[in-house]
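Report on the structure given below.
The values are calculated or read from the model by the stated rules, or taken from the named source; none is laboratory data. Only a predicted model underlies this, so the values are computations on that prediction, with no experimental measurement involved. Reconstructed Cβ throughout: ideal geometry from the backbone, glycine too, with neighbour counts over all protein chains shown.
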Amino acid sequence: MRVLITGGAGFIGTNLVNHLVQRGTYQVVVLDNLSTHQQHPRFPGPARFVHGDFTNKAIMAECLENIDAVVHLAALSGVIDSVEDPRPSFELNVVGSFQLLGLARAARVTCFINASTGGALLGESAVPISEAMAPNPLSPYGASKLAIEGYCSAFSAAYGLQCLTLRFSNIYGPSSGHKRSAVATFIKNIIRKEPLVIYGDGSQTRDFLYVGDLVRGIEAALVRPSPGTYQLGFGQPTALQTLTSILQKVSGRNFSIRYERHRSGEVHSTWCDISKARRELGYAPTTDLEDGLRQTWAWYLENQDAWDRQSAQPPAADS
C-alpha cells in the first residue's frame, strides 16, 4: 500500500512512519513543512520525505501521485491559542484540509484518514465520550476539527472516498519534544527542575494513550477502512494528580506543583469509550500508563539537547 502522511515529521507522524516502514508492506511518502523547528528528518528504508506545506496545491499534486491512502496529521493545534485568535485554526484546519480532500478525490485516492480530537470537539460531555454524542466544541480549535469531520463524512457519501475520522485522546511518548501537552510539559519541567503548573485543582481527568498504541490503531484503520468516526484512547480516565504521582515514581525525582486558575476553553474531564474501534477496526491498546511514561521519560533523558533547542523556538503549526 502506498501511503502519504501529512505532518509526517512531527510527533505522531515520526512514530507512524517508523512503524509502517518496519512492517515492510507500505511505501510511505512523508510531507512536512518542518514548522516545529525539528531537524531535517531521516527516515528508514523506502520512506520518501518531501519538504512542503499541505496547503500548496502543486506540492500536493506531486505527493498524491499513485497514492492509495492519505493519513492527514498536519494541523494547527492548541486550544488556548485558538481562543486568543480563532482565524489561523480555521484557515489551516478547515480551508486547508477541505482543499486536501478535493485533491485526494481528484487523484483517486481510495482511503483518507483524518486525525481529529475528542475532548476539544465534544466539550463538557458525560463520560465516557463516544462517537454517538452530539459535538459541543468549547474552543475555535475544536470547532475547526468538527468542520473537517463533517466534510469527511460528506466526501464519503457523495464521492465514495473512504474517509475515516480518528479522534485521538491525549497522546504521549517518544519524539514529543516540541509538544505542549501535559505529559511533555511536565517531563521537561521535571528535568529542568522547574515547578509543574496545573490549571485547576488537579482533579480534571484525561485519557492518556501511548503513541505506540495509537500508530497501531492508525494502521488498523488503513487495513480495514470502514468509513466513519472512531475514538482512539486507552479507555480509562486519569486525574492530573495521579499523573504527577506516577511521574514522580518513574523519574525518581521530587518536584513542586503550582496550581493556577482554570483556563477558558479547556474541558475539565474526558475519557473515551473505545468499543466501536475495538469492534470495527480491531483496535486494542495494551501499554499501561506507568510503562508508557517510563519509555517516554527515557527518551527525554536521552534526547535532552535536541528537545531543549526545539522547545526554545516559538510555537508554530503542529505536525
query: Here are some residues: Gly217, Gly177, Gly202, Gly142. Which one is on the phi > 0 side of the Ramachandran plot and either part of a helix (DSSP H, G or I) or not hydrophobic (A, V, I, L, M, F, W, C) (or both)?
result: Gly202
Which listed residue is touching a Cys at 6+ places or on another chain (Cβ under 6 Å) and surrounded by 18 or more Cβ atoms within 10 Å (Cβ to Cβ), from Gly265, Gly233: Gly233
query: Does at least one position in region 184-192 carry a residue that is within 21 Å of Gly265 (Cα to Cα), buried (at least 23 other Cβ atoms within 10 Å of the Cβ) and in contact with a Phe, Trp or Tyr (Cβ under 7 Å, 6 or more places away or on another chain)?
result: no
- line: Restricting attention to region 87-144, the residues that are over 18 Å from Phe168 (Cβ atoms), modelled with pLDDT under 95 and not small (Gly, Ala, Ser) number exactly 3
- request: Tell me, yes or no, whether region 238-252 has at least one residue that is in a helix (DSSP H, G or I), hydroxyl-bearing (Ser, Thr, Tyr) and out of contact with any helix residue (DSSP H, G or I) (no Cβ under 9 Å at 6 or more places or on another chain).
  value: yes
- line: By residue number, the members of region 98-116 that are within 19 Å of Ala221 (Cα to Cα) and not hydrophobic (A, V, I, L, M, F, W, C) are Arg105, Arg108, Thr110, Asn114, Ser116
statement: Going through region 70-117 in order, the residues found to be surrounded by fewer than 17 Cβ atoms within 10 Å (Cβ to Cβ) and under 17 Å from the mean Cα position of the chain (by Cα) are Ile80
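Kindly indicate whether Ala158 is out of contact with any Pro (no Cβ under 6 Å at 6 or more places or on another chain) and more than 25 Å from Thr14 (Cβ to Cβ).
It is true that Ala158 is out of contact with any Pro (no Cβ under 6 Å at 6 or more places or on another chain) and more than 25 Å from Thr14 (Cβ to Cβ).
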field: From Gln295, Gln241, residue being crowded, with 16+ Cβ neighbours inside 10 Å and in contact (Cβ under 8 Å) with a residue 24 or more places away in the chain
entry: Gln295
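Out of everything in region 118-139 that is assigned to a helix (DSSP H, G or I) and over 19 Å from Leu101 (Cβ atoms), what residue ends up being farthest from the chain's Cα centre (by Cα)?
Here the residue is Leu122.
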task: Looking for whichever is within 24 Å of Gly217 (Cβ to Cβ) and either modelled with pLDDT of 95 or more or over 16 Å from the mean Cα position of the chain (by Cα) (or both) here; the options are Gly10, Gly24, Gly52. Which one fits?
output: Gly24
- request: State all residues of region 76-122 that are within 22 Å of Phe234 (Cβ to Cβ) and hydrophobic (A, V, I, L, M, F, W, C); if no residue qualifies, say none.
  value: Val79, Ile113, Ala115, Ala120, Leu121, Leu122
task: Inspect all residues belonging to region 142-157 and state whether any of them is closer than 17 Å to Ile67 by Cβ and within 16 Å of the chain's Cα centre (by Cα).
output: no
task: Being small (Gly, Ala, Ser) and loosely packed, with under 12 Cβ neighbours inside 10 Å is the filter here, so list the residues in region 246-262 that pass it.
output: Gly252, Ser256
- request: For region 88-104, state whether one or more residues are in a loop (DSSP other than H, G, I, E, B) and at negative phi.
  value: no
